[in-house]
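Quick notes on the structure that follows.
The values are calculated or read from the model by the stated rules, or taken from the named source; none is laboratory data. As the structure is a computational prediction, the values presented were derived from the model and not from experiment. Quick reminder, even Gly has a Cβ in these numbers, built from the backbone with ideal geometry, and neighbours come from all protein chains shown. The area values use the complete protein model at the heavy-atom level, side chains included, leaving out ligands, DNA and RNA. Shrake-Rupley method; radii C 1.70, N 1.55, O 1.52, S 1.80 Å.
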Amino acid sequence: GGVAPAPVTNPNAPLTARVATWNTYVGNTTSQVVAGLTALTRVSDVIGAQELFSAERRATVAQALARQGWATATGPDSAVPIFYNAAKYKLRAADTIQEFGLTRIEDGPSGTSIGPRSLQWVQLQDLHTGADFFVVNDHTVPGIESGGRPRTDAPKRLAIYRLQQAAVAGVIGKLQSSGPIALTQDSNVDARADDLYQDPTLDYAHMSRLGL
């Protein structure tokens, strides 16, 4: 993506933000997705959502949240929109970055092909304190690990996963000098097993390397 973050004018401003992440699940009805996201608006200030593949569903969800004072910034084809409380924050910059196009993979979750997939980032400013912060939202390829270990029998999936890791790392490297960053995602990794083994390929080690 070619969008640069907006200049930060008050880097020492205090910031408190509650950030949530939720895979809305393609098998849910649109009304279930709206209900789930509405519930999250009561306990969070920003929501990174995944698996909103349908443009019609994205529009319906955005309209429902807008009635509650929430806004979104997303590309026209992004299934990973970020919603935020517009009474608390102002959008200062945003970008959607395609990670990969339609790609053949080993049979498994999502079938034998996947894509295109994109990540989304936003720069928000606290309307009260003037503090800027960033949220990066991603949804990684499924079927990449088992029990906290990478699936070496799925090299095509792992190759895509590494592409996505590199894309996230590139975005965070671009933004991190401007302010704090929250990464929301469906990582398709068993977080408890990953915490136990901390395999260098998977999320725990990856996010540690990024300073998250």
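For this structure, a couple of remarks:
- Solvent-accessible surface (1.4 angstrom probe) belonging to residue 60, in square angstrom, nearest 10: 60 Å²
- Rg/Rh for the range 87-212 stands at 1.02; both radii use Cα atoms, and Rh follows the Kirkwood definition.
- The range 194-207 - phi-based ³J(HN,Hα) in whole Hz, Karplus 6.51/-1.76/1.60, Gly and Pro as x: 5, 4, 6, 8, 6, 4, x, 7, 9, 4, 4, 5, 4, 6
- Shown here: the chain, whose C-alpha atoms stretch 51, 38, 33 Å along the first, second and third principal axes, sorted largest to smallest.
- Extension gain, residue 212 to residue 18, is 68.2 nm, computed as 0.36 nm per intervening residue step minus the present C-alpha separation.
- Phi to ³J(HN,Hα) by Karplus 6.51 cos²θ - 1.76 cosθ + 1.60 over the range 126-141, Hz, x for Gly, Pro: 5, 5, 8, 9, x, 6, 9, 8, 10, 10, 10, 10, 8, 9, 7, 4
- Taken over the range 86-157, the alpha-carbon convex hull comes to 123 cubic angstrom per residue.
- Crossing angle, helix 155-175 versus the chain [Cα axis fit, 0-90 degrees, rounded to tens]: 20 degrees
- Alpha-carbon spread of the range 44-85, three principal axes, descending order, Å: 22, 16, 14
- FRET efficiency for residue 102 and residue 4, using Cβ-Cβ distance with R0 set to 35 Å, rounded to 0.05: 0.75
- FRET efficiency, 1/(1 + (r/R0)^6) with R0 25 Å, evaluated for residue 153 and residue 26 via beta carbons: 0.45
- The gain in end-to-end length when the residue 63 to residue 198 segment is fully stretched comes to 44.5 nm, 0.36 nm per residue minus the alpha carbon separation.
- Secondary-structure-derived ellipticity at 222 nm for the chain, considering helices only, amounts to -8500 deg cm²/dmol, per-run term -39500 (n - 2.57) for DSSP H runs with n ≥ 4.
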